[in-house]
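Single-structure report; data block below.
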């Protein structure tokens, strides 16, 4: 009996279940990462409501016409001032020739007007000279008439001689009056010639402006890229008629990129310009991209909506608003091969 009792006392203890160790390990790991995440969130403001932005420049035709040639394809790369499209310029070239001819015609009219002005001046000078000569004759005739009137009283001449003197004086007076009228007429002709010159000069300026406009429209037939970048989808083909002012396609600038992150209003308290930012692209999570807070929008995103909410209607429901924050990418040129406007991103702003 004693041996049996001893055997019962020496039975080995049961082993602990491995599930308990697994649960403890999982809890420990979860606690570690939970505390790490908590500490990280205490020194960072995080949002995944962010995307890459860039400048998109529309290419617009300034003249109407048929497309003669296209130098780019869908999503093709272009350099600044590179010829990307040409419009058939035959009509615009003819318009330039016509404007040039009209300008030459106006200049010829100006030459004729200048000649008329010179002729009018000469006639005025001649009329003035004739008037001076006639004034001398008039003065002599008047003196002769005065002398003959005295001589007749003395009986030294006959009445007929006095009548002759008076007739000569009247004729000289009328001739002098005619000469004065010729001077007035010549002055009027000079004024008309001057006005004609001014009119022709104004016409010349108008024709010059028309020629410049024709040249400008001709130059618009060659459409060049306003910026370097890549075009979007091409929607036009050779031979297609395009209207002036119609957008042809857009060029996305591939040199300048930034991030617009929409943070909740409750996250902005400790955020400032110049703070460092970690950027994680959804498409390239392995890239370590750095940035800096550049500026804050002066209005929430809802204020830029097509139909912004109006809380004065009485149906007010408080919703946490988001504020756009611009983030500059450090060394953006280094990542230009992967940066695309519109790509989603997650950003972490270091607020400590």
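The values are calculated or read from the model by the stated rules, or taken from the named source; none is laboratory data. Worth saying up front: this structure is predicted, and the values here are computed from it rather than measured. FYI the Cβ positions are ideal-geometry reconstructions off the backbone, even for glycines, and counts take in every protein chain you see.
Looking at the stretch 256-268, is at least one residue in contact (Cβ under 8 Å) with a residue 12 or more places away in the chain, under 30 Å from residue 70 (Cα atoms) and not in a helix (DSSP H, G or I)? Within the stretch 256-268 (the criterion being in contact (Cβ under 8 Å) with a residue 12 or more places away in the chain, under 30 Å from residue 70 (Cα atoms) and not in a helix (DSSP H, G or I)), the answer is yes, since at least one residue qualifies. Candidates 255, 288, 269: the one that is over 23 Å from residue 91 (Cα atoms) and surrounded by 13 or more Cβ atoms within 10 Å (Cβ to Cβ) is 255.
Has the stretch 15-29 got any residue that is outside the structural domain of residue 271 (by TED's automatic domain parsing) and modelled with pLDDT under 55? Give the derivation first.
Start the filter on the stretch 15-29 by keeping residues that are outside the structural domain of residue 271 (by TED's automatic domain parsing), which leaves 15-29.
Retained after the next criterion (residues that are modelled with pLDDT under 55): 15-16.
Within the stretch 15-29, one or more residues are outside the structural domain of residue 271 (by TED's automatic domain parsing) and modelled with pLDDT under 55.
Taking the conditions exactly as written (buried (at least 17 other Cβ atoms within 10 Å of the Cβ), modelled with pLDDT of 90 or more and more than 30 Å from residue 103 (Cα to Cα)), does residue 260 satisfy them or not? Yes. When you look at residue 202, is it surrounded by fewer than 13 Cβ atoms within 10 Å (Cβ to Cβ), assigned by TED's automatic domain parsing to the domain that holds residue 119 and not in a strand (DSSP E or B), yes or no? Yes, satisfied.
Looking at 301, 314, just one residue is on the phi > 0 side of the Ramachandran plot and at pLDDT below 90, and that residue is 314. Just one of (1) farther than 25 Å from residue 322 by Cα; (2) touching a helix residue (DSSP H, G or I) at 6+ places or on another chain (Cβ under 6 Å); (3) in the same structural domain as residue 47 (by TED's automatic domain parsing) fails for residue 257. It is (1). One residue stands out in the stretch 207-218 among those that are closer than 18 Å to residue 60 by Cβ and touching a helix residue (DSSP H, G or I) at 6+ places or on another chain (Cβ under 9 Å): the one that is surrounded by the fewest Cβ atoms within 10 Å (Cβ to Cβ), namely 218.
All of 178, 186, 156 fail the test of being in contact (Cβ under 8 Å) with a residue 60 or more places away in the chain and either over 29 Å from residue 208 (Cα atoms) or not assigned by TED's automatic domain parsing to the domain that holds residue 208 (or both), apart from 186.
For the stretch 114-144, what are the residues that are within 19 Å of residue 184 (Cα to Cα), over 60 Å from the mean Cα position of the chain (by Cα) and exposed (fewer than 14 other Cβ atoms within 10 Å of the Cβ)?
Within the stretch 114-144, 129, 132, 133 qualify.
Of the residues making up the stretch 51-74, those that are touching a strand residue (DSSP E or B) at 6+ places or on another chain (Cβ under 7 Å) and not in a strand (DSSP E or B) are 61, 63, 64, 71, 72.
Using the structure shown, decide if residue 320 is assigned to a helix (DSSP H, G or I) and touching a residue at least 40 places away in the same chain (Cβ under 8 Å). No; evaluated as a whole, the condition is false for this residue.
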